[in-house]
Amino acid sequence: MKNIFILLCALTIVSCKEEPKNYVTFSGKISNKTGDSLMLRNRTMMKTIALDADGNFSDTLTIDQPEVFGFFNGAIAAPIFLKNGFDMTMNADGENFEETLEFSGSGAEHNNFLIEQMRLEKDLLDQDKLSSLSSEGLKTEMEKIRKELLAFYEHDKNIDSTVTNMAKSNLNPMLNMFQNYFAESIAIREQFPVGSPSPTFENYENFKGGTTSLKDLKGKYVYVDVWATWCGPCIAEIPSLKKLEADYADKNIQFVSISIDDAMRSGGGDLEVAKTKWKTMIEDQDLGGIQLFSDKNWQSDFVQNYNINGIPRFILIDPNGNVVDANAPRPSSKKLTELFDSLSI
């Protein structure tokens with residue numbers, strides 16, 4: 001009887017054991033929030049999570065299968081791995097989201113792995129460093145990066161295989177994409193060596209009135225930003241560009257932004273609509289420098305001669321109209337101020 005009693009107690013304990021949750025509990029806080037919501041998205045699902053006045057949030061989600069989602073805080077994205085049963089907390093500073101993002105609770109180890117992966121990939125695939133290499137140097141460096149990332153993906157056997165298998169399957173396509181991108185950048189630099197004459201632009205419409213040509217700016221360094229109002233990465237550089245203009249306001253340099261907004265992509269088939277959109281953004285964003293509208297958009301001689309196939313593209317020209325860097329660092333890169341300072345602009 002004593003043994004039966006013990007067995008019944010054991011069965012009672014087992015039957016009272018909490019069943020695994022068939023949903024994810026997800027909560028946390030975004031300090032210094034920059035919006036009123038967060039968004040989770042994958043191929044088949046999109047979920048908006050509201051933030052309260054202090055940046056706190058809490059929600060539950062049912063996941064069909066364990067999967068890595070895109071996690072968006074405004075325009076800034078990060079990966080997040082969700083699996084039913086997770087009870088996870090996330091905290092970050094909205095003004096420094098990628099650098100401060102961290103997870104705790106059930107499921108946190110997989111997501112902190114993803115964040116560490118994101119930061120490592122960003123560090124290794126540094127645009128300024130890789131685009132400054134030779135063609136052969138790029139190949140060697142990309143192979144080193146491949147080995148280092150593969151070792152990272154495999155170093156923690158406790159991470160869910162959904163996460164690590166996805167990273168490994170994406171590795172070669174990702175590196176091929178970056179290698180092609182940087183190879184193009186290197187080819188541009190080799191095609192336009194330092195000191196070679198720069199392609200020019202003539203009589204581009206100036207936002208402030210009249211027209212402007214490159215020859216009008218002779219005697220000053222010219223930092224050219226080729227952009228468009230529909231280009232997200234272009235818009236993301238605006239705060240850094242405005243700061244740069246302020247920091248170098250009394251230096252021997254002109255900041256020139258050339259819009260390639262066109263009738264189809266920017267104006268719905270009407271060039272005047274595109275121009276209006278360009279002018280409106282200049283006013284709304286209080287853009288400084290010299291704001292120009294290219295004569296033939298993508299087909300303008302300046303864009304074609306510099307082999308510009310994607311934007312934003314930044315170019316630095318010396319006071320004599322010669323190339324300093326045909327694929328200059330972005331305003332947000334510390335490499336740009338280092339370049340400016342090395343030239344004693």
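Are any residues in the range 284-310 closer than 26 Å to Tyr181 by Cα and open to solvent by less than 30 Å² (accessible area, probe 1.4 Å), and if so, which ones?
Scanning the range 284-310 gives Ser294, Asn297, Ser300, Phe302, Val303, Tyr306, Ile308.
Of everything listed in (1) of a type outside the set (Phe, Trp, Tyr); (2) in a helix (DSSP H, G or I); (3) open to solvent by less than 80 Å² (accessible area, probe 1.4 Å); (4) more than 20 Å from Lys335 (Cα to Cα), the single unmet condition for Asp156 is (2).
Which of the strands (runs of 3 or more DSSP E) found entirely inside the range 53-129 contain at least 3 residues meeting this: over 15 Å from the mean Cα position of the chain (by Cα) and farther than 18 Å from Met166 by Cα?
Of the strands (runs of 3 or more DSSP E) lying wholly inside the range 53-129, those with at least 3 residues that are over 15 Å from the mean Cα position of the chain (by Cα) and farther than 18 Å from Met166 by Cα span 56-61, 87-93, 102-106.
Taking Ser131 as the residue in question, decide whether it is free of Cβ contacts under 8 Å to residues at least 40 places away in the same chain and either of a type in the set (S, T, N, Q) or surrounded by 18 or more Cβ atoms within 10 Å (Cβ to Cβ) (or both). Answer is no for this residue. When the residues of the range 251-283 are filtered to those that are surrounded by fewer than 15 Cβ atoms within 10 Å (Cβ to Cβ) and of a type in the set (S, T, N, Q), the one that is nearest to Pro331 (Cα to Cα) is Asn252. Among the residues in the range 224-242, are any of a type in the set (Phe, Trp, Tyr), open to solvent by less than 20 Å² (accessible area, probe 1.4 Å) and within 24 Å of the chain's Cα centre (by Cα)? Checked against the condition, which is being of a type in the set (Phe, Trp, Tyr), open to solvent by less than 20 Å² (accessible area, probe 1.4 Å) and within 24 Å of the chain's Cα centre (by Cα), the range 224-242 yields at least one hit.
Looking at Ile159, Ile186, which is the one that is among the aliphatic types (A, V, I, L, M), under 25 Å from Ile63 (Cβ atoms) and touching a residue at least 24 places away in the same chain (Cβ under 8 Å)? Step by step, each of Ile159, Ile186 is checked, and only Ile159 is among the aliphatic types (A, V, I, L, M), under 25 Å from Ile63 (Cβ atoms) and touching a residue at least 24 places away in the same chain (Cβ under 8 Å). Taken as a whole, the condition of being outside any helix (DSSP H, G or I), under 30 Å from Ile345 (Cα atoms), open to solvent by less than 70 Å² (accessible area, probe 1.4 Å) and of a type in the set (A, V, I, L, M) does not apply to Val194. Figure legend. Inter-residue proximity from the range 297-310: first residues in contact (Cβ under 8 Å) with a residue 60 or more places away in the chain, second residues among the small types (Gly, Ala, Ser), beta-carbon distance below 7 Å, spacing 6+ or different chains. Indicated pairs: Ser300/Ser294; Phe302/Ser294; Val303/Ser294; Tyr306/Ala326.
Residue selection: Asn203 satisfies the criterion of being open to solvent by 60 Å² or more (accessible area, probe 1.4 Å) and at positive phi. I'm trying to understand the selection: among the residues of the range 57-105, which are farther than 23 Å from Asn32 by Cα, touching a Gly at 6+ places or on another chain (Cβ under 6 Å) and open to solvent by less than 50 Å² (accessible area, probe 1.4 Å)? Hit for the range 57-105 is Phe86, nothing else.
Considering only the range 321-333, I want to know if a residue exists there that is at positive phi and modelled with pLDDT of 95 or more. Yes, the conditions are met somewhere in the range 321-333.
Residue check: Met45 meets all listed conditions (1) modelled with pLDDT under 95; (2) open to solvent by less than 50 Å² (accessible area, probe 1.4 Å) but one, namely (2). Within the set Asp156, Asp128, the sole residue that is at pLDDT below 95 and among the charged types (D, E, K, R) turns out to be Asp128. Would you call Arg313 open to solvent by 30 Å² or more (accessible area, probe 1.4 Å) and touching a strand residue (DSSP E or B) at 6+ places or on another chain (Cβ under 9 Å)? Criteria not met by Arg313.
The values are calculated or read from the model by the stated rules, or taken from the named source; none is laboratory data. Predicted, not measured: the structure shown is a model, and the values here were computed from it. Glycine gets a Cβ as well: all are built from the backbone with ideal geometry, and neighbour counts include every protein chain shown. SASA here: full protein model, heavy atoms, side chains in, ligands and nucleic acids out. Shrake-Rupley method; radii C 1.70, N 1.55, O 1.52, S 1.80 Å.
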